[in-house]
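The values are calculated or read from the model by the stated rules, or taken from the named source; none is laboratory data. Predicted model only: the values in this text are computed from it and were never measured. Note that each Cβ is placed from the backbone with ideal geometry, even for glycine, and that neighbours are counted across all protein chains shown. The protein model used for the area step is the full one, side chains on, heavy atoms only, and it has no ligands, DNA or RNA in it. Shrake-Rupley method; radii C 1.70, N 1.55, O 1.52, S 1.80 Å.
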Amino acid sequence: MCPVMADDSQRNFRSVYYEKVGFRGVEEKKSLEILLKDDHIEKLCTFSQRFPLPSMYRILVWKVLLGIIPPHHESHALVMKYRKEQYWDIHHALRVIRFINDSTPQVDVFLRIHQLESGKLPRNIAFPLEPEDEVFLAIAKAMEEMVEDPIECYWLVSCFVNQLNSKHKDSLQQLPKMLEQYLNIEDNRLLMHLKTCAAMSKLPYDLWFKKVWDKVISGSCKILVFVAVEILLTFKMKIIALNSAEKITQFLENIPQDNTDAIVSKAVDLWRTHCGTPAHSTALYGCISFVLHGRYSREVDLCRAHV
């Protein structure tokens, strides 16, 4: 046997063996370590789209891919030093003008810093929050569960939101319409039932679309449509048995968590059927956990869109 073929065969055997005994991603971890040393941001993004990130490297990779620190690891400490100084300078300014104090919740502090940085700080602290502020807070609360360091957490949220708004804001607004289009193709009867109950406008789009920021950032946001379609198809019998928009919405906001893998697989299949082979189908597994559970999974991977 050719030595190269033998090496590939042995490597494939090891990967399958590791996965079967519960040590998934051993080969991927080695590859990621090499990429982090080589400073290849394009390859790093491609890796993040295809494989779940090892927990020990996740925050580092997120910071690189969101532009918080440069890919050159020699500069990481210096750049984060500047980031911390910038954070505390703005924090101090907000305290001086009495927009924050010692009792201000951390996510609200993040919001005020972000507003001041982007030139959108309201003239009065009593002004009601804008919809985009509510989105920022939702992301910040989710990120806070995963990131212990508050300064790292702020920069991840802020850069995440900035990239989302600059890249996919218009596309996200079209997702409900696209959901109706593809659901009509897959199951017209289910769509008609939802329309008869006046439930289409009351579906938990915020839960399904606006909070699945990781997939929106890492690839085509159109896949979110197929996530939603597959959720509706999976729970079709239960939905049809409900006769009001309120009951349907309440059920969909608290859907069971025990068949996540099946929904993931079918959503990817739907995506392939309607849009061709997705480039980043593996990354979907992390985001579905958030769709179904209403919170970020620790397996979710953020990365820049290169589509």
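In Å², and per residue, what accessible area does the range 24-165 have when probed at 1.4 Å with the other protein chains present? Let's see the in-between values first.
Values: 7660 Å² over 142 residues.
Each residue of the range 24-165 exposes 54 Å² on average to a 1.4 Å probe.
Protection proxy ranking for 149-156, 119-126, 108-115, using the average of other Cβ atoms within 10 Å per residue and placing the highest first: 108-115, 149-156, 119-126. How many percent of the accessible area of the range 24-165 is carbon or sulfur, using a 1.4 Å probe? About 53 percent, which is the carbon plus sulfur part of the accessible surface. Remark: for residue pairs 30/141; 81/222; 29/120; 84/120, the C-alpha separation exceeds 30 Å in 30/141; 81/222; 29/120. Dividing the mean sequence gap of close Cα pairs (under 8 Å, 6+ apart) by how many residues the range 24-165 holds gives a relative contact order of 21 percent.
Show me 248-256, 92-100 ranked by packing, highest mean number of other Cβ atoms within 10 Å first.
On the way: 248-256: 16.2, 92-100: 14.2.
Per-residue Cβ counts within 10 Å, averaged per peptide and sorted highest first, yield 248-256, 92-100.
Answer rounded, prolate or oblate for the range 24-165, using the Cα gyration tensor with square roots of eigenvalues a ≥ b ≥ c: rounded when a/c is under 1.5, else prolate when a/b is larger than b/c, else oblate.
Prolate, since a/c reaches 1.5 and a/b exceeds b/c.
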